[in-house]
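These notes are about the structure you will find just below.
The values are calculated or read from the model by the stated rules, or taken from the named source; none is laboratory data. Computed from a predicted structure; not experimentally measured. No Cβ is skipped: glycine too gets one built from the backbone with ideal geometry, and neighbour counts run over all protein chains shown. Note: accessible area is taken over every heavy atom of the protein model, side chains too, but ligands, DNA and RNA are not part of it. Shrake-Rupley method; radii C 1.70, N 1.55, O 1.52, S 1.80 Å.
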Amino acid sequence: MTELVFRDDAYAKNCEATVTSVNERGGITLDRTVFYATAGGQPGDSGLLIVEGRPVMIATTVYNADKTVIHVPVEGQVLPRPGDKVSAQLDWENRYKLMRCHTMMHLLCAAVPFAVTGSAITGEGGRIDFDIPEGQIPDKGELEAKINGWIHEDHAVNTRWISEEELDANPELVRTMFVKPPRGAGRIRLVEIGASGKIDLQPCGGTHVRRTAEIGGIAVQKIENKGKINRRIRMVLT
Ligand SMILES: [Zn+2]
């Protein structure tokens, strides 16, 4: 297992680490990393691994089947070897935009009280698909005003851990219809926005900003009908 530095500190831009393996396709694993691996609709990080002063460009980061984090290098580079000491350095500008977008998605989720059927995040914005009953589709302008209001109020964004049993006792915490929080570790990471999670409270392993004001501002681009249980709401950072 890789020690996930980003999970305890989303603002860590770099860390020192040791290469633990390089697979046959060039994927690099480290003992610890600041690179977020693709999950939950959030793309994996890009950046550099500095090996003895030489940069190895990382195109993206993904999870292996065994939950170790694989740093996928840009092709055609000299790769490090197991045992090498590296400095892992994020493309922070890109990651910070993803953190703002990801936190914005929590506010969208909080503003639309229906089950989530899908989602995706980019550095510019993102979308969530909801199962919204006919006649209850939110007004675009009202939705935008509500979310920008929460951003302006500058609420704290915190994480805490609960047991799987606590989650089972509070099934309403899980907003996603098809994707359930990962089981087996005995504990689940909750993200809470506002005092005691009064704005949003749900399991999430992603990276978030510390305060909603860091999001800046958002616009709701459109609300599309993608089928019976699928109303797609697209938003962008402004
Ligand atoms: Zn999240």
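Within the range 172-202, the set of residues being more than 25 Å from residue 94 (Cβ to Cβ) and open to solvent by less than 40 Å² (accessible area, probe 1.4 Å) comprises 173, 174, 181, 186, 188, 190, 192, 194, 197, 199. In the range 57-72, the condition of being among the hydrophobic types (A, V, I, L, M, F, W, C) and open to solvent by 60 Å² or more (accessible area, probe 1.4 Å) is met by at least one residue. Of all residue pairs spaced 6 or more apart or on separate chains, none has beta-carbon atoms under 6 Å together with a first member in the range 156-174 that is under 11 Å from residue 197 (Cβ atoms) and a second member that is among the small types (Gly, Ala, Ser) and assigned to a helix (DSSP H, G or I). Does the range 79-89 include one or more residues that are at pLDDT below 95 and closer than 30 Å to residue 215 by Cα? Checking the range 79-89: not a single residue is at pLDDT below 95 and closer than 30 Å to residue 215 by Cα. Pairs are defined by a Cβ separation below 7 Å, a sequence spacing of at least 6 or placement on different chains, a first member in the range 186-207 that is in a loop (DSSP other than H, G, I, E, B), and a second member that is aromatic (Phe, Trp, Tyr) and within 10 Å of the ligand (Cβ to nearest atom); no pair meets this definition. Scanning the range 6-27 turns up no residue that is within 15 Å of the chain's Cα centre (by Cα) and in a strand (DSSP E or B).
Just one residue in the set 39, 59, 115, 111 is within 21 Å of residue 8 (Cα to Cα) and among the aliphatic types (A, V, I, L, M); that residue is 39.
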